[in-house]
2 protein chains.
Amino acid sequence: MTMEPIVYVVDDDQAMVESLSWVIESVGLKVKTYIRAQDFLDHYDPHQPGCILLDVRMPGMSGPELQTKLNEIGASTLPIIFISGHGDVPLAVRVMKAGATDFLTKPFNDQVLLESINKALRVDKTNREKQQENAQAEAKFALLSHREVQVLQGIVAGKQNKVISAELNISLKTVEAHRASVMKKMGVKSVPELVKLVLTNSVQEPVSEE
Amino acid sequence: MTMEPIVYVVDDDQAMVESLSWVIESVGLKVKTYIRAQDFLDHYDPHQPGCILLDVRMPGMSGPELQTKLNEIGASTLPIIFISGHGDVPLAVRVMKAGATDFLTKPFNDQVLLESINKALRVDKTNREKQQENAQAEAKFALLSHREVQVLQGIVAGKQNKVISAELNISLKTVEAHRASVMKKMGVKSVPELVKLVLTNSVQEPVSEE
DNA sequence: CTGGATATTAGGGTTTCTACTTATTTGGAT
DNA sequence: ATCCAAATAAGTAGAAACCCTAATATCCAG
């Protein structure tokens, strides 16, 4: 289920919106337009891949304000390309530092626009793939019981079963049972696979205090 | 050997340089100044922590040109804070996309400047720590013979010794010997440690966010 | 030529992990 | 109260890994 990406155009200038839509659709990309930032917020689907072409200056919620809001809610960070008619360097720098992928000043070349959109869509794609992997690892992790998590941490920390059993005050046999259960639930057949799964998916690591 | 960071000021405007130096030194930071980008290139030490305050427009090599050059040679990417007297949005966006940590337009508040410098120095510090760990791992890795590297890869891939021996067409006993040698040379006592060492140090990238 | 590093193999013993089965207890959820 | 998942634990057997010593062959450098 690889959804076709959508280029969201958020701009209050009707003529600009139509012009942008024409250019973007001319290369076969889907476009959805909003004349107010709030409209976008109300209707967008976090699971839909794509990117945002966002006007800086709009009545109501401004482009940068929308960016801040999207960053705050966190879920599904669509890449944002800002579009501005006036040269405001501090603003441009601020939104770039806040994670925007580009900041275009009018008038701009169609080629520049499309290039920027393509890059944003590529970024979104890799982000989503990463998130996907992560979600799957999290889902498996959620299946583990409290004890199993403790044992998992011991394994990843490189501790032997007997060490884990001593630390948790349970028998070696019990640790072995939990260990087998962990391997099965996490869907791996070797310790290195388990370690990789845990490390590359930002699952919590054992904090070895000393 | 934690060297004191140095704020490099690269600007052809003598008055500006003195003003910046005064502010930066007033909070106890060391400053070195250059009136030409080439001077900086000729004299800077990649091992010296710090950051660069870089004027955009200079006779000879411009600020962005220096940034490009530093990115090309790659080694020791000092965080760069650009300083500009004129509002050129496309330029600001370009250098930010190229990795600059900030872009200040004159006139700017001392507080803003110092805040930006502190952030750049923090970024540099974490980058260097990461590079340090990486270099140590690389050094250990370099000690391994060809065969040992092959066995290491097998281990990290989660293969059993007998599988590795079959793939390399050598006896199980030989694999065991190489395996022990690998663990010793890499300075680890368990497979999970080994996997972590390899995974977290195989590919390094400079950190750029806060 | 010789010493050192590397690669290869082996024996033998110890430790650890895995697989399979069985069984008791306990704390929630229905 | 009953049922179930989780935690606990034991046994047995075999596979795999670890540890130590030792031997042979090759190649390179001093």
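Can you confirm whether residue A:142 is without any contact (Cβ under 8 Å) to a residue 12 or more places away in the chain and of a type in the set (A, V, I, L, M, F, W, C)? Against the criterion (without any contact (Cβ under 8 Å) to a residue 12 or more places away in the chain and of a type in the set (A, V, I, L, M, F, W, C)), residue A:142 qualifies. Only a single criterion out of (1) surrounded by fewer than 14 Cβ atoms within 10 Å (Cβ to Cβ); (2) away from chain A (no Cβ under 14 Å) is not satisfied by residue B:36, namely (1). Of all residues in segment B:8-32, those satisfying the criterion of being within 17 Å of residue B:84 (Cβ to Cβ) and in a loop (DSSP other than H, G, I, E, B) are B:11, B:12, B:13. From B:144, B:91, B:114, B:104, which residue is surrounded by fewer than 18 Cβ atoms within 10 Å (Cβ to Cβ), within 26 Å of residue B:20 (Cβ to Cβ) and among the aliphatic types (A, V, I, L, M)? Only one candidate passes the filter, namely B:114.
This table checks each residue for (1) of a type outside the set (Ser, Thr, Tyr); (2) modelled with pLDDT of 95 or more; (3) within 29 Å of residue A:6 (Cβ to Cβ); (4) not assigned by TED's automatic domain parsing to the domain that holds residue A:78.
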{"residue": "A:101", "(1), (2), (3), (4)": "no, yes, yes, no"}
{"residue": "A:112", "(1), (2), (3), (4)": "yes, yes, yes, no"}
{"residue": "A:185", "(1), (2), (3), (4)": "yes, no, no, yes"}
{"residue": "A:207", "(1), (2), (3), (4)": "yes, no, no, yes"}
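Within 14 Å of chain A (Cβ to nearest Cβ) and modelled with pLDDT of 95 or more: does that describe residue B:108?
Numbers: within 14 Å of chain A (Cβ to nearest Cβ): yes; modelled with pLDDT of 95 or more: no.
It is false that residue B:108 is within 14 Å of chain A (Cβ to nearest Cβ) and modelled with pLDDT of 95 or more.
With respect to (1) within 12 Å of chain A (Cβ to nearest Cβ); (2) without any contact (Cβ under 8 Å) to a residue 60 or more places away in the chain, the lone exception for residue B:99 is condition (2). Do the conditions hold for residue B:77, that is, is it modelled with pLDDT of 95 or more and more than 30 Å from residue A:106 (Cβ to Cβ)? Here the answer is no, as residue B:77 does not meet what is asked.
Counting only helices (runs of 4 or more DSSP H) that sit completely within segment B:96-185, those holding 3 or more residues that are touching a Cys at 6+ places or on another chain (Cβ under 7 Å) and more than 16 Å from DNA strand D (Cβ to nearest atom) correspond to B:110-142.
Determine, yes or no, whether residue B:182 is touching a residue at least 24 places away in the same chain (Cβ under 8 Å) and over 30 Å from residue B:80 (Cα atoms). Break it down into steps so the answer makes sense when it comes.
Values: touching a residue at least 24 places away in the same chain (Cβ under 8 Å): yes; over 30 Å from residue B:80 (Cα atoms): yes.
Criteria met by residue B:182.
Within segment A:60-81, not a single residue is of a type in the set (Asp, Glu), without any contact (Cβ under 8 Å) to a residue 60 or more places away in the chain, more than 12 Å from chain B (Cβ to nearest Cβ) and within 19 Å of residue A:5 (Cα to Cα). The requirement of being more than 17 Å from the chain's Cα centre (by Cα) and either loosely packed, with under 14 Cβ neighbours inside 10 Å or small (Gly, Ala, Ser) (or both) is not satisfied by residue A:64. Taking the condition within 14 Å of chain A (Cβ to nearest Cβ), on the phi < 0 side of the Ramachandran plot and either more than 16 Å from DNA strand C (Cβ to nearest atom) or not small (Gly, Ala, Ser) (or both), does residue B:151 pass? So residue B:151 passes the test. Residues in segment B:186-196 that are more than 8 Å from DNA strand D (Cβ to nearest atom) and not in a loop (DSSP other than H, G, I, E, B) were compared, and the one that is surrounded by the fewest Cβ atoms within 10 Å (Cβ to Cβ) is B:193. Taking the criterion of being within 26 Å of the chain's Cα centre (by Cα) and more than 7 Å from chain A (Cβ to nearest Cβ), the residues of segment B:85-96 that qualify are B:91, B:94, B:95.
The values are calculated or read from the model by the stated rules, or taken from the named source; none is laboratory data. Predicted, not measured: the structure shown is a model, and the values here were computed from it. FYI the Cβ positions are ideal-geometry reconstructions off the backbone, even for glycines, and counts take in every protein chain you see.
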